[in-house]
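Chemist: There's a structure below that I have some questions on.
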Amino acid sequence: MLGAMNTEPPPVLEVLPRDLSAYRTGNVGIDYVHRFDSGRAGPHVLVNALTHGNELCGMVAATHLLDTGVRPRIGSLTVSFANVAAYESFDPARPFESRQLVHNLNRVWSADWLDGGEDSPELRRARELRPVVAAADHVLDLHSTSQDVEPFWVYPAFARNAAVALAIGRPAVHLVMPRGLGSGVPLIEHGRHGDGASDAGAALVAECGQHFRSGTAALAIEVTLDWLAHFGLVERGPRAVRPDPRRYELLETRMVRTPGFRFARPLVGFETFEAGELIATDGDEEIRAAEHCAVLMPTREPIVGREAVYLARPLPNDGD
């Protein structure tokens, strides 16, 4: 019999939501969006938090920037809280359920969705934020993971993104997407940031660790400040140790097709499978590794129509 879904105990909630009402009124005419212009030439950098409502590290990093008065030395800085409606639905007894209300806000950044006729809190918010994302030269989208795994970058496989991730140095793990996610268009691929032929800047997700760990929130602050320093918006001293990167290429995103989806064994992420080895079953379909691969972001609870797992190929660390 196939292994059940993950059965680990509920997570310890080291970080909890805080009241964000004080940040609602920004200065660009869009709720929860704050922009600061240095008055000097330089890039426009966006730091985006709460694309998913229960990924609290972004909230901690964004409020840190605002509470401590971080201002850009050059260019401009925009700080946004994305899915506040989902965030406000957080229930400590069911901490994973406030990821979204209806749609995944990180899969609707295509013209088909944004200009289409469907409606939801996430689509309304994406339409509000569309000019904010489009205006940014460089985008850092702060995320976290349901499982307690090593932090990692996620980005389209453009040299400009790899260069920034490697220069910043942490997280040390990179998931590159040569063909997108395969399950929708994420915020970091909206418009010109999804165009390899354009002169767009860098756009990356930082998966900073497990949703509710204090260390995840601390890393989100550090990565955010490293990001701003890389583009010259703040000053920061050099880091003494930069671990060797580990890189993966996304091969496929598997979706949950039936209520009978089950992994062959409990997974948390970064487990490897050999070619032909059974990863999961989904109804009458067997999902087997087409080649030696690693699994990332295995779902804790399979929901039909949502993502089940990413299958990724380890890459040599010789650049893109």
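The values are calculated or read from the model by the stated rules, or taken from the named source; none is laboratory data. Here the structure is a predicted model, which is why all the values come from computation and not from measurement. Methodologically, a virtual Cβ is constructed for each residue, glycine included, from the backbone with ideal geometry; neighbour enumeration extends over all protein chains shown. Side chains are part of the model used for accessible areas, which takes the heavy atoms of the whole protein and leaves out ligands, DNA and RNA. Shrake-Rupley method; radii C 1.70, N 1.55, O 1.52, S 1.80 Å.
Chemist: Across the range 10-159, what fraction of all alpha-carbon pairs, as a whole percent, falls in each successive 10 Å bin from zero upward?
Modeler: Bins of 10 Å from zero give 10, 39, 36, 14, 1 percent of pairs.
Chemist: Please give the per residue accessible area of the range 112-245, computed with a probe of 1.4 Å over protein heavy atoms only, in Å².
Modeler: The answer is 37 Å² per residue.
Chemist: How much of the calculated P(r) for the range 195-320 lies past 19 Å, in percent of all Cα pairs?
Modeler: Roughly 63 percent, rounded to a whole number.
Chemist: Before rounding to the nearest 500, sum -39500 (n - 2.57) across all DSSP H runs of length at least 4 in the chain and divide by the residue total; then give [θ] at 222 nm in deg cm²/dmol.
Modeler: -5500 deg cm²/dmol
Chemist: Related question: Take the Cβ-Cβ distance between THR272 and ARG124 as r, set R0 to 35 Å, and report the resulting FRET efficiency rounded to the nearest 0.05.
Modeler: Taking R0 as 35 Å, the efficiency between THR272 and ARG124 is 0.30.
Chemist: Using label points projected 7 Å from each Cα along Cα→Cβ, tell me how many nm separate GLU285 and GLU150, to one decimal.
Modeler: 3.0
Chemist: Sorted from largest down, give the three principal axis spans of the alpha carbons of the range 54-100, whole angstrom values.
Modeler: So the three principal-axis extents are 43, 16, 12 Å.
Chemist: Taking the chain as a Gaussian network, where each spring joins two C-alpha atoms under 10 Å apart, which residue of GLY117, GLY180, GLY26 fluctuates the most?
Modeler: In this elastic network of the chain, the residue with the biggest mean-square fluctuation among GLY117, GLY180, GLY26 is GLY117.
Chemist: While we're looking at this one, here's another question. May I ask for the equivalent-ellipsoid semi-axes of the range 74-167, computed as the square root of five times each C-alpha gyration tensor eigenvalue and listed largest first in whole Å?
Modeler: Equivalent ellipsoid semi-axes, largest first: 24, 20, 13 Å.
Chemist: Moving to a separate point now. Length gain on complete extension for the stretch ASN27 to THR258, per 0.36 nm per residue less the alpha carbon to alpha carbon distance?
Modeler: In short, 78.6 nm is gained.
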